[in-house]
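Working notes for the structure below.
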Amino acid sequence: MKVLFLGDIFGNPGREHATKELPWIVKNNEIDIVVTNGENAAGGIGITPAISDMLLNSGIDVLTSGNHIYKKREIYDYISNEPRLIKPANFPPETPGNGYYIFSNEKTGGIKIAVVNMCGRVFVENLDCPFRKMDEILEKISGITRLIIVDFHAEVTSEKVAMGWYLDGRVSAVIGTHTHIQTADERVLPGGTAFISDVGMVGSRDSVIGVRKDIIIEKFIKTMPQKFVVADGDVWINGAIIEINEKTGHAISISRLNYASG
Ligand SMILES: [Fe+2]
Ligand SMILES: [Fe+2]
């Protein structure tokens, strides 16, 4: 099975280019399933029900998220009723939504696949331990399917690399998100887990991780609060394609997707 994972979709430019390019990316690469991080889809921060619906109707099978998932209040009810949009599983149990989603459809040939979302703790939120939480979830779902994709939404490479090793052989892929900058360390670990520290974003490269660069430069220099504006020039599509052995759940290959959207 071939899974396309697209990095954080940033604002309207990210949404427009992702939905425009998705059909041919899927066709050209014979993709079965598309998973995308949507935490920045609404104006660069959070996601709304309308945007989630639009993305899920455009060929994306599962939307993961991250630290910005609850920035738009209208998503609270929606995420409780839409299992294809998932929250980081190590957020407090009182927060709305599920931390993983298991599904099968005609695209998977009836085979069940699980997508798990987890958030790092270093320089992010004060959350439950993502390592222990992964053990807890794997205990529940490993008997249901061996095809398991983990979006590990974290800031520092050390925490992400540690998670890759911790889950090696137990999940199909550990895909890093959150920094919006694609790393060049993709590989299949010895136990059969595909790994990349960060898959990047779908958004403007003429920016600082999606936001207009002049605003962020000024923020760093003056340290005063700034209103962030989504940048729209030079939009790039960052992602990864993971091929998985359907019998073992182990990854066969992982390759980066990284190109300028015209
Ligand atoms: Fe993000
Ligand atoms: Fe994030």
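Brief remarks follow.
- Among the candidates SER65, SER80, the residue that is of a type in the set (S, T, N, Q) and open to solvent by 40 Å² or more (accessible area, probe 1.4 Å) is uniquely SER80.
- Number of residues in the range 37-54 that are touching a residue at least 60 places away in the same chain (Cβ under 8 Å) and crowded, with 22+ Cβ neighbours inside 10 Å: the value is 4.
- Checking the stated criteria, ARG121 turns out not to satisfy the condition of being under 24 Å from GLY239 (Cα atoms), surrounded by fewer than 22 Cβ atoms within 10 Å (Cβ to Cβ) and in contact with a helix residue (DSSP H, G or I) (Cβ under 6 Å, 6 or more places away or on another chain).
- Among the residues making up the range 36-50, a single one is of a type in the set (Val, Ile, Thr) and away from ligand 2 (no atom under 16 Å from the Cβ): THR48.
- Restricting attention to the range 128-161, the residues that are closer than 15 Å to MET118 by Cα and without any contact (Cβ under 8 Å) to a residue 12 or more places away in the chain add up to 3.
- Which numbered condition GLY11 fails, given (1) of a type outside the set (S, T, N, Q); (2) in contact (Cβ under 8 Å) with a residue 60 or more places away in the chain; (3) away from ligand 2 (no atom under 14 Å from the Cβ): (3)
- Subset of the range 118-138 that is aliphatic (A, V, I, L, M) and part of a loop (DSSP other than H, G, I, E, B) - its residue that is farthest from PRO92 (Cα to Cα): VAL122
- Among the residues making up the range 124-155, a single one is hydrophobic (A, V, I, L, M, F, W, C), within 16 Å of ligand 2 (Cβ to nearest atom) and open to solvent by 30 Å² or more (accessible area, probe 1.4 Å): VAL124.
- The lone criterion from (1) on the phi > 0 side of the Ramachandran plot; (2) touching a helix residue (DSSP H, G or I) at 6+ places or on another chain (Cβ under 7 Å) left unmet by GLU30 is number (2).
- Extreme residue, farthest from CYS119 (Cα to Cα), among residues of the range 170-188 that are free of Cβ contacts under 8 Å to residues at least 60 places away in the same chain and open to solvent by 10 Å² or more (accessible area, probe 1.4 Å): ASP185
- Residue check for THR193: open to solvent by 10 Å² or more (accessible area, probe 1.4 Å) and either among the β-branched types (Val, Ile, Thr) or out of contact with any Lys or Arg (no Cβ under 6 Å at 6 or more places or on another chain) (or both): no
- Taken over the range 205-238, the criterion of being within 16 Å of ligand 2 (Cβ to nearest atom) and crowded, with 19+ Cβ neighbours inside 10 Å is satisfied by SER207, ILE209, GLY210, VAL211, VAL230, ASN238.
- Of everything listed in (1) out of contact with any Pro (no Cβ under 7 Å at 6 or more places or on another chain); (2) under 17 Å from GLY262 (Cα atoms); (3) open to solvent by less than 10 Å² (accessible area, probe 1.4 Å), the single unmet condition for MET201 is (3).
- Condition check for LYS87 on (1) buried (at least 21 other Cβ atoms within 10 Å of the Cβ); (2) at pLDDT below 95; (3) of a type in the set (D, E, K, R): one failure, at (2).
- Identity of the residue in the range 68-77, in a loop (DSSP other than H, G, I, E, B) and within 16 Å of ligand 2 (Cβ to nearest atom), that ends up surrounded by the fewest Cβ atoms within 10 Å (Cβ to Cβ): LYS71
The values are calculated or read from the model by the stated rules, or taken from the named source; none is laboratory data. All values reported here derive from a predicted model rather than from experimental measurement. Ideal geometry is used to build each Cβ from the backbone, glycine not excepted, and the neighbour counts take in all protein chains shown. These area figures cover heavy atoms from the full protein model, side chains too; ligands, DNA and RNA do not enter into them. Shrake-Rupley method; radii C 1.70, N 1.55, O 1.52, S 1.80 Å.
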